[in-house]
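A short write-up of the structure that comes next.
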Amino acid sequence: MGQGFGDMDSTARVITGIFSQMCTFFGNSFLFPIIEVLGDLLDTKPPAAPPNLPFDENSPAPDLGVDGSFWVGIERIHSAAKAFDRELWAEQRKGSERVWEILEATGSHTSLTLAKVQRVSFFQELEERGETAILRALDTISTHVSWVLVAGSENVLKNRVLKMGDRSGGPYAVPAGVALDNSNSPAVKSLTFCLRAQFVHIQAALTPQSLSAFWTALSMRLYDILGTRLLQHYYVSMVGAVNLSRDVEALRSVAMLAGTDHQHWDMLRELLTLYMTPPNALKTILVGPEGDPNSGKGLFGQAGKVQALVFMSRRVDYRVKVGNVIQKSAWVVELLEDLGVPDPSDGNVNIAMYSAQSLRNRRLKLS
């Protein structure tokens with residue numbers, strides 16, 4: 001085969017130059033601009049008006065700002081890049097007379113190295129631009145998740161307050177005696193419907209590794225959206241805790257469609273016991289059966305002392321109104337004194353301490 005190449009060094013330089021030009025053209029003039037436009041077309045801002053919940057599950061699910069065509073575009077761009085590499089570079093394909101085989105035959109290690117560098121550079125830039133577009137898709141889905149879970153939920157609640165006249169502390173401040181059904185809240189039911197539909201598109205477009213990373217990141221953001229709202233705006237009654245538990249299970253289920261790091265949901269399930277437990281049994285939940293705050297047992301050991309107490313402070317019975325004054329309930333004062341700990345909810349709560357990433361860092365530190 002070498003006889004057909006004439007001057008080997010000249011052949012190697014020409015082939016390397018052509019390959020470099022092809023990579024530059026196919027990347028800068030074709031694939032890179034397309035993938036950049038795909039990302040730019042995404043609008044991370046959700047609609048100004050809250051969604052009308054629940055969504056009709058007999059109709060196509062709302063796309064949470066990322067149309068299925070985005071994922072089709074991502075998949076086709078990567079398929080085109082693989083085809084380009086397979087047909088032009090064709091590594092280890094004997095008899096192909098493509099770039100790799102020709103350069104191997106010339107024996108020019110310099111030209112082969114330069115061509116390999118060009119090939120790696122092409123795929124690195126494609127990967128970086130792809131990651132940028134996919135990260136924008138993650139941001140877009142996240143803001144639309146908040147739109148459904150927060151704006152949608154609170155719009156439903158606002159309509160309920162207007163109709164029934166009850167004073168609301170959020171969707172989980174359900175008064176005692178209210179009959180419960182077995183369904184999830186409209187916001188969570190609608191959101192899981194949308195996320196499952198979105199998952200199908202993402203799964204078809206990404207490699208298993210990329211899908212796992214993307215969905216784990218989305219799981220953490222979903223947790224943070226719910227946790228932030230709960231700790232800053234919502235209160236939870238013992239009846240409402242049943243609804244909250246169902247919603248958490250539904251969100252956890254959809255979050256675990258892919259990825260491996262979802263322990264933040266498991267911790268939240270444990271923390272929900274703070275809302276389902278009568279006041280006289282909370283000490284055991286917090287510190288374990290021995291009653292020692294420093295034993296490393298109970299939620300103090302699992303979630304952290306401050307974190308557990310802040311979650312507990314969102315109980316509807318944590319504070320009561322006496323005359324015109326809001327003050328801590330007697331059981332709260334007694335429990336904190338018994339444990340010998342201050343109330344972290346008296347000061348500013350650093351919401352970053354309660355993020356999924358913070359829980360993950362704590363778990364890694366303990367392990």
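Only residues that are out of contact with any Cys (no Cβ under 8 Å at 6 or more places or on another chain) and either open to solvent by less than 20 Å² (accessible area, probe 1.4 Å) or outside any helix (DSSP H, G or I) (or both): list them for segment 105-129, please. Write out each step before concluding.
Initial filter on segment 105-129 (out of contact with any Cys (no Cβ under 8 Å at 6 or more places or on another chain)): 105-117, 120, 123-129.
Selection gives Thr106, Gly107, Ser108, Ser111, Leu112, Ala115, Leu126.
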Only one of Arg360, Arg252, Arg314 is farther than 16 Å from Tyr235 by Cα and at pLDDT 95 or above. Can you tell me which? Arg252
Just to be sure, is Val320 among the β-branched types (Val, Ile, Thr) and either surrounded by fewer than 18 Cβ atoms within 10 Å (Cβ to Cβ) or under 26 Å from Val188 (Cβ atoms) (or both)? yes
Quickly run through segment 79-104 and pick out the residues that are open to solvent by 60 Å² or more (accessible area, probe 1.4 Å) and part of a helix (DSSP H, G or I). Lys82, Arg86, Glu87, Glu104
Selection from segment 7-53 of residues of a type outside the set (Asp, Glu) and not in a helix (DSSP H, G or I) yields Leu41, Leu42, Thr44, Lys45, Pro46, Pro47, Ala48, Ala49, Pro50, Pro51, Asn52, Leu53
Does at least one position in segment 342-352 carry a residue that is farther than 19 Å from His233 by Cβ, open to solvent by less than 70 Å² (accessible area, probe 1.4 Å) and part of a helix (DSSP H, G or I)? no
Checking Ala197, Ala204, Ala179, Ala217 in turn, the sole residue that is at pLDDT 95 or above, hydrophobic (A, V, I, L, M, F, W, C) and open to solvent by 50 Å² or more (accessible area, probe 1.4 Å) turns out to be Ala204
Only one of (1) of a type in the set (Ser, Thr, Tyr); (2) under 28 Å from Gly65 (Cβ atoms); (3) open to solvent by less than 80 Å² (accessible area, probe 1.4 Å) does not apply to Thr132, and that is (3)
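For segment 197-309, which fully contained helices (runs of 4 or more DSSP H) count at least 1 residues that are over 29 Å from Gly340 (Cα atoms)?
Working: elements: 208-232, 238-255, 263-271, 273-276, 282-287, 298-302.
In segment 197-309, 208-232, 238-255, 263-271 are the helices (runs of 4 or more DSSP H) which contain 1 or more residues that are over 29 Å from Gly340 (Cα atoms).
The values are calculated or read from the model by the stated rules, or taken from the named source; none is laboratory data. The shown structure was predicted, so the numbers you read here are calculated from the model rather than taken from an experiment. When we count neighbours, we look across all protein chains shown, and the Cβ atoms used for this are built from the backbone with ideal geometry, even at glycine. We work out accessible area using only protein heavy atoms, side chains counted, and drop any ligands, DNA or RNA first. Shrake-Rupley method; radii C 1.70, N 1.55, O 1.52, S 1.80 Å.
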